[in-house]
Amino acid sequence: MYSAAAASPPPRRDFISVTLSPEEAVGAGGYNNSKAWRRRSCWRKWKQLSRLQRSVILFLFAFLAVCGVISYTSMGEPWKSLTNKSLDDQRTEPEIPGLKLANPAVLPAPQKADANLGDYAELSPQKLPKPPHVWRGPSNLQIKPPRRDVRLKTRHDTSRVVEEQVQADKEEKTEKSIISWRGAVIEPDQSTEPPSSKIKEPEKPSSVEAEDQKEPVPINERQMAVIEAFRHAWKGYKDFAWGHDELKPLSKSYSEWFGLGLTLIDALDTMWILGLKEEFEEARKWVANDLVFEKNVDVNLFESTIRILGGLLSTYHLSGDSVFLEKAKDIGNRLMPAFKTPSKIPYSDVNIGRGTAHPPRWTSDSTVAEVTSIQLEFRELSRLTGDEKFQKAVDEVMKHVHTLSGKNDGLVPMFINTNSGQFTHLGVYTLGARADSYYEYLLKQWIQGGKKENELLEDYMRAIEGVKKHLLQKSQPKELTFVGELAHGHFSAKMDHLVCFLPGTLALGAHNGLTADHMKLAEALIETCYQMYAQVETGLSPEIVHFNLHAQKGHKDVEIKPADRHNLLRPETVESLFYMYRFTGDKKYQDWGWEILQNFNKYTRVPTGGYTSINNVQNPSNPEPRDKMESFFLGETLKYMFLLFSDDIDLINLDKYVFNTEAHPLPIWVPA
Ligand code: DMJ
């Protein structure tokens, strides 16, 4: 209300009550005057009140103050976190450029699955089985936890609901901070904590949620061709190498590495995904009855973890059959002596019968990629068994490596000493052999744990910046972006085929909210990896290429040295093609993969069964078969081919599963 009195302040302002908008007050002679005047007026009014009236008002003020304090304590943390968030933004932005997160964690706990393996009909390539969990996967392993109010209405049993409620309340109480990388929110860290010291109830894989039981997407012709290729490979293995590590398809025999049926175990989940029920059943029987780890044999910790432990765990998740979990626990326990070293950096080799471990004969070093690429599997084993020791051992390795000096802008050397725990052979940096999956597992552990373990993300982002700074170059004449190597300050234009995991990993990171730059780099690198096939006479990549940095008449981008022209049926390019197709939908990636499959068929297929590595990708008339089918051809290469040709994003949904480095899908964790 505006009054004439306000226009020129009255001489006895004490007794006049007016309400002014600030503008009015300013227009009427100044806001400060008006404020002072109001203060005095209030004080006089207060004095005029009776004692009782004053007490009542004071009591009301006190009551409101108490309410205010209570509501501040419940609201305070989020506010504090938001403040920390912007501080963190300022602090970290210059150090890790380009990091932008979009999708925070999505993680439920697995529930019980009743695998009814006997239900499938006979399978033929024309008529594939329709197990919904094949096409959808046990997707409730990783579906977003419903909001708490909604959660109560789901079809869980009562005790589960109560457990969830208690857990949710616990989570709310323990929430500490929200950390931000350039404006994106990462939920508070829960999963980095090792599992509680007492043995918990084991987790179980889940049955399929009703809403996930959609009609399967029909298999297309290219997928049929993959199934045919798998069956051909499997025929060779079954006829000549059953229960042994690797098929020698030409000599119709086998080779042993660990003597643990490596190819069979590596191929289990591929058979499940391809819908090869009959083959799967037969292999399952072998696992149940003939797979024995009580053997006086030295195994490589890394290889047996990614192929055997990883293969058993993923097959357990897909099938729900506890025989695979039992075997996984057995091998997991037998590998643990590797961690008994002065530095807790594990030895490379373990005798799984004797329970002893040792480094290779010539050194006390372990390979960096090996000790840092066993984490997804051991962490999952802890989650499933409730036994913290597995996760504790591998987390300790990551934490230690995180703190080590000797890195070059996030790039790691290739060796680490098991006594001192320090990097050795400093100054050599590669994304290829001996370092490759270190980078892959930084990102994938972060995803597995629900995007909360910030040290992993920090190391990953830093490393990719290191790659950009030190290892990226363009070739001539096609200007292909490639990842070279650095040795004591000297750049080498050498790139292993192994490095072709990188485009897929970068794309996966971008899909999980990291910077779009990573996707751009992924697109450039997958083109390069494809050219490593396309520019070669057989259309198959050699093990290693050297890129031309300067244009020379009659020279392509890719040069191959005689010692490097073999092809081991490796998966990395097909793996990255799969990620690229999933995330972009660009059919050229499928077409490139299709070309590669045809060339495998043309140059590596052995008529009597199986596929073979070759010695010379440059000689189409005689590629020189090596007489060996590596287990990863069935475990990885054909699996990624099949997934690449599929248009069903729920066929191993990448928001629910993370692939280990041997292509075994493991669930992304969800808070219980
Ligand atoms: C596989 O055992 C794994 O992919 C590993 O990470 C690298 N080498 C082979 C495949 O090339």
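The values are calculated or read from the model by the stated rules, or taken from the named source; none is laboratory data. The shown structure was predicted, so the numbers you read here are calculated from the model rather than taken from an experiment. All Cβ positions, glycine included, derive from the backbone under ideal geometry; neighbour counts span all protein chains shown. In case anyone asks, the SASA skips ligands and DNA or RNA and just uses the protein heavy atoms, side chains included. Shrake-Rupley method; radii C 1.70, N 1.55, O 1.52, S 1.80 Å.
Numbers at a glance
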item: Helices (runs of 4 or more DSSP H) enclosed by segment 277-353 - at least 2 residues per element that are touching a helix residue (DSSP H, G or I) at 6+ places or on another chain (Cβ under 9 Å) and within 16 Å of the ligand (Cβ to nearest atom); result: 310-319
item: Restricting segment 437-486 to residues that are part of a strand (DSSP E or B) and open to solvent by less than 10 Å² (accessible area, probe 1.4 Å), the residue that is nearest to the ligand (Cβ to nearest atom); result: 483
item: Residue ID - modelled with the lowest pLDDT, chosen from residues in segment 218-276 that are over 26 Å from residue 305 (Cα atoms) and not in a helix (DSSP H, G or I); result: 218
item: Lone unmet requirement of (1) away from the ligand (no atom under 16 Å from the Cβ); (2) not in a loop (DSSP other than H, G, I, E, B) for residue 616; result: (2)
item: Hey, residue 582 open to solvent by 50 Å² or more (accessible area, probe 1.4 Å) and basic (Lys, Arg) or not; result: no
item: Which numbered condition residue 491 fails, given (1) hydrophobic (A, V, I, L, M, F, W, C); (2) free of Cβ contacts under 8 Å to residues at least 40 places away in the same chain; (3) closer than 30 Å to residue 643 by Cβ; result: (3)
item: Hits in segment 374-430 (condition: in contact with a Phe, Trp or Tyr (Cβ under 7 Å, 6 or more places away or on another chain) and among the hydroxyl-bearing types (Ser, Thr, Tyr)); result: 382, 418, 424
item: Condition met for residue 642 (aromatic (Phe, Trp, Tyr), assigned to a helix (DSSP H, G or I), within 13 Å of the ligand (Cβ to nearest atom) and touching a Leu at 6+ places or on another chain (Cβ under 7 Å)); result: no
item: Members of segment 361-376 that are over 16 Å from the mean Cα position of the chain (by Cα), modelled with pLDDT of 95 or more and either in a loop (DSSP other than H, G, I, E, B) or within 11 Å of the ligand (Cβ to nearest atom) (or both); result: 363, 364, 370
item: Qualifying residue in segment 516-530 (condition: part of a loop (DSSP other than H, G, I, E, B), under 17 Å from residue 468 (Cβ atoms) and touching a residue at least 60 places away in the same chain (Cβ under 8 Å)); result: no
item: Options 662, 636; residue that is within 20 Å of the chain's Cα centre (by Cα), within 16 Å of the ligand (Cβ to nearest atom), part of a loop (DSSP other than H, G, I, E, B) and touching a residue at least 40 places away in the same chain (Cβ under 8 Å); result: 662
item: Some residue of segment 404-425 being more than 29 Å from residue 503 (Cβ to Cβ), open to solvent by 10 Å² or more (accessible area, probe 1.4 Å), in contact with a strand residue (DSSP E or B) (Cβ under 7 Å, 6 or more places away or on another chain) and not in a loop (DSSP other than H, G, I, E, B); result: yes
item: Residue within segment 290-301 that is touching a Lys or Arg at 6+ places or on another chain (Cβ under 7 Å) and surrounded by fewer than 17 Cβ atoms within 10 Å (Cβ to Cβ) present; result: yes
item: Number of positions in segment 539-581 that are more than 16 Å from the ligand (Cβ to nearest atom) and assigned to a strand (DSSP E or B); result: 4
item: Boolean, residue 391 is buried (at least 21 other Cβ atoms within 10 Å of the Cβ), in contact (Cβ under 8 Å) with a residue 60 or more places away in the chain and touching a Pro at 6+ places or on another chain (Cβ under 9 Å); result: yes
item: Hey, residue 380 surrounded by fewer than 18 Cβ atoms within 10 Å (Cβ to Cβ) and acidic (Asp, Glu) or not; result: no
item: Condition met for residue 600 (within 16 Å of the ligand (Cβ to nearest atom), part of a helix (DSSP H, G or I) and crowded, with 21+ Cβ neighbours inside 10 Å); result: yes
item: Set 489, 504: member being over 24 Å from residue 552 (Cα atoms), open to solvent by 10 Å² or more (accessible area, probe 1.4 Å) and among the small types (Gly, Ala, Ser); result: 489
item: Residue match in segment 347-356 (condition: buried (at least 18 other Cβ atoms within 10 Å of the Cβ), small (Gly, Ala, Ser) and closer than 20 Å to residue 425 by Cα); result: yes
